[in-house]
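The next block holds one structure in the form of structure tokens; read it before the comments.
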Amino acid sequence: MSYTEEVYERVVAQNPGEPEFHQAVKEVLDSLKVAIDANEEEYRKLSILERLVEPERIISFRVPWVDDKGVVQVNKGYRIQFNSAIGPYKGGLRFHPTVNQSILKFLGFEQTFKNSLTGLPIGGGKGGSNFDPKGKSDREVMAFCQSFMTELSKYIGADEDVPAGDIGVGGREIGFLYGQYKRITGLYEGVLTGKGLTYGGSLIRTQATGYGVVYMLDEIAKAHNDSISGKTVIVTGSGNVAIYAVEKVTALGAKVVAMCDSNGYIYDPAGINLDVVKDIKEVKRGRIKEYAERVAGSVYTEGTGIWNIKCDVYLPCATQNELSLDGAKTLVAGGCKYVVEGANMPTTLEATTYLQENGVYFMPGKAANAGGVATSALEMSQNSMRLSWSAEEVDEKLHGIMVNIFKKVDEASKKYGLADNYVVGANIAGFEKVVEAMKAQGIV
Ligand code: NDP
């Protein structure tokens, strides 16, 4: 049995009931095999893989709070400090009823490679809660955030662990979390990113992940003598990543014809009117079906199946495992040429393999959505220097980072004779830097 297979079996045996974590480890280890085999003896001796798949620390805590009816509610809170070889732990907080240790471990593991790919000094972490902000009043969200931060504040700091937003954690939540951190510690420091512009946030951070996904798509297209302009695009989700992916891809001349939320999807053959989506999602916190009620000629369909609409480019920007093998087959049959992941692990392993084997250029989330965390790292730099860069400066840096990530991923895939296999390229390029740092720092 190969070293990677041995470690994968050990992960499954030692982390029972954590299917998402197993899936993420499998994808990474399978694609690292070519690089590991070349140095197997050295890596085995140092137990590099065994250390890489074990989080440095898992913090799990109780989050009690009082709802608007005066009833005491209790949620679970977590922070997974996965790997600090190349910098302080960095990664978002997710508030969603499905959050559990398996999901946060998969996200923290992926984050380690993603952060390495950005070229910036940030380690991997992730956290969150099974709290559902949907349908809660602002006061309830604040009460929850304050209780969550009261415990989390013991374990984070500007040079230690710097959380950010993720699903269910946007500007409102980051504001409440930051206020409580400051109140408890007395420190006004860059301990969270995604902050509001009046208290240390960076311009373009809100747009960064979605814009970065499109910058990545642009690089892949150019590398194959193609262009985004004139393409028909589907973007799944209608949250932070999806909205700004739609904004940028439309600006570059493509037409987005479909978006969704967890209830259903909209199809607008004239091209999505993003102002309407922003009003529904960012202002009214409503449902995507309202789009069809407001825009003539558009159609709403309840449930899944957005991939049945024909497209050239598919940008999954909603959640993990949203695109399965059936969806992938339908996309290929419809002539889709590019799948670039805005969400983390939105494509199942079987679907990924099918897309790659059928001529679709597939870029995994850890490379494609790294613009978000990269811009968070730029926010940390600005906070440390006590200054703010202009939107143009940040956007230019973001663009440069995405171009560079594409280059690294492309080169790594070619180095191992697997050109265009961006899954292998991203994992190997991310892995090499982390491993160099781990080797240099001894057995810790
Ligand atoms: P948001 O909470 O802002 O948006 C998530 C969107 O996905 C919502 O429209 C949500 O709909 C939809 N959604 C959730 N589950 C499903 C489902 N099962 N089927 C269809 N739609 C669904 O989150 P973000 O945009 O911030 O994050 C989206 C993804 O991108 C996540 O995987 C996240 O980890 C990843 N990511 C985010 C970054 C960021 O900077 N925000 C950075 C890097 C990665 P509904 O409202 O119905 O729940």
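All of the numbers you see were taken from the coordinates with simple rules; none came from a lab. Remember, it's a predicted structure, so these values are computed and weren't measured experimentally. Note: ideal-geometry Cβ built from the backbone for every residue, glycine included; neighbour counts use all protein chains shown.
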Exercise for the section: For n ≥ 4 DSSP H runs only, could you compute -39500 (n - 2.57) per run for the chain, divide by its residues and tell me the 222 nm figure to the nearest 500? Expected result: -15000 deg cm²/dmol
Fill in the blank from the handout: Computed about the Cα centre, the charge dipole of region 3-189 from +1 Lys/Arg and -1 Asp/Glu charges at the Cβ has a magnitude in debye, to the nearest 20, of 780 debye
Exercise for the section: Name the residue farthest towards the positive end of the dipole of the chain from the options G186, P97, V63, assuming +1 on Cβ of Lys and Arg, -1 on Cβ of Asp and Glu, about the Cα centre. Expected result: G186
Completion exercise
Along the dipole axis of the chain (charges at Cβ: +1 for Lys and Arg, -1 for Asp and Glu; origin at the Cα centre), the most positive-end residue among Y78, N308, I36 is Y78
Completion exercise
Taking a ≥ b ≥ c as the square roots of the Cα gyration tensor eigenvalues, with a/c under 1.5 meaning rounded and otherwise prolate when a/b beats b/c or oblate if not, the chain comes out rounded
Exercise for the section: Would you be so kind as to identify which of G212, A333, S202 lies farthest towards the positive end of the dipole of the chain, taking Lys and Arg as +1 and Asp and Glu as -1 on Cβ and the Cα centre as origin? Expected result: S202
Problem - Estimated dipole of the chain in Debye, rounded to 20 [Cβ of Lys and Arg +1, of Asp and Glu -1, Cα centre] - result: 900 debye
Practice task
Between R172 and A296, take the C-beta separation as r, use R0 = 35 Å, and let me know the FRET efficiency to the nearest 0.05.
Solution key: 0.60
Fill in the blank from the handout: Candidates G108, G190, G342; GNM for the chain (alpha-carbon contacts under 10 Å) flags as most fluctuating G190
Completion exercise
In nm², the average projected area of the convex hull spanned by the Cα atoms of region 254-328 is 5.1 nm²
Exercise for the section: Please give the peptides 397-403, 4-10 ranked by average Cβ packing (other Cβ atoms within 10 Å per residue), highest first, as a rough proxy for protection. Expected result: 397-403, 4-10
Problem - Share, in percent, of DSSP beta bridges within region 207-359 that are antiparallel, nearest 5 - result: 45 percent
Exercise for the section: Starting from the Cα gyration tensor of region 294-444, take the square roots of the eigenvalues, sort them a ≥ b ≥ c, and report rounded, prolate or oblate (rounded when a/c is under 1.5, otherwise prolate if a/b is larger than b/c, else oblate). Expected result: oblate
Handout entry: Electrostatic dipole magnitude of region 321-377 [Cβ: Lys, Arg +1; Asp, Glu -1; Cα centre; debye, to 20]
Key = 160 debye
Fill in the blank from the handout: Length gained, K154-S388, 0.36 nm per residue minus C-alpha separation, equals 81.5 nm
